[in-house]
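To start, the structure itself, in structure tokens.
The values are calculated or read from the model by the stated rules, or taken from the named source; none is laboratory data. Please read these numbers as outputs of a predicted model, since none were measured by experiment. We place every Cβ from the backbone using ideal geometry, glycine too, and count neighbours over all the protein chains shown.
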Amino acid sequence: MWFRFISYLKFLMASTNQHGVHSPFVFKYVTKCLYSKNKLHQNKSFNVLLKTIAYFGFEKICVKNKIEAKEWVQQSFPKIQFDRYPCDLFFTKKLDIPTFQQLLSERKLHNDSIILVDSIHRTAEDWKQWNQLITLPEITVSIDMLHCGLLSIRREQVKEHFTIRI
């Protein structure tokens, strides 16, 4: 309980809105996707997931450890292909470095893949894993949104980390 409260306070002090973003890719994502008025789900992580699918027009989605998220995606986007690799978007409850490296080595992710990790501030261990992931050279863009985190594999992008209030 205390970890979440302290983590929330640190997030508030470090976070910004679209005005603190200097990356065109992230600025467009924040302003046209995250800050769009469409509320597709009450759960903030699921809402980010659904908005991200709609914004990028993803076709191949992988959802791990979140059955209810898969159901919501199917309802909102009936033509989505699940668990087809390489996937455009990978949504998971937890992600550690060995699992990420395995996804890369098995070519389950491609250059423009996005990974959404649910509840990165839930526990100290989740927060530690998140901070280890964002240091990896394969991850070029990372966005901490408190309720979830986005990791992007874009070789053409300069490595940057953002903390965005949504």
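Among the listed residues N38, N47, which satisfies the condition of being of a type in the set (S, T, N, Q), assigned to a loop (DSSP other than H, G, I, E, B) and either within 16 Å of the chain's Cα centre (by Cα) or more than 19 Å from V141 (Cβ to Cβ) (or both)? Residue meeting the stated conditions: N38. Here I53, I6 are screened, and the one residue that is crowded, with 16+ Cβ neighbours inside 10 Å, assigned to a helix (DSSP H, G or I) and out of contact with any strand residue (DSSP E or B) (no Cβ under 6 Å at 6 or more places or on another chain) is I53.
For H121, the test of being at pLDDT below 95, buried (at least 21 other Cβ atoms within 10 Å of the Cβ) and not in a helix (DSSP H, G or I) is passed. Residues that are at pLDDT below 90, surrounded by fewer than 18 Cβ atoms within 10 Å (Cβ to Cβ) and assigned to a helix (DSSP H, G or I) within region 12-35 comprise L12, M13, A14, Q18, H19, G20, P24, F25, F27, listed in sequence order.
Note on region 134-149: among residues that are in a strand (DSSP E or B), among the hydrophobic types (A, V, I, L, M, F, W, C) and touching a Ser or Thr at 6+ places or on another chain (Cβ under 7 Å), the one that is farthest from Q101 (Cα to Cα) is C148.
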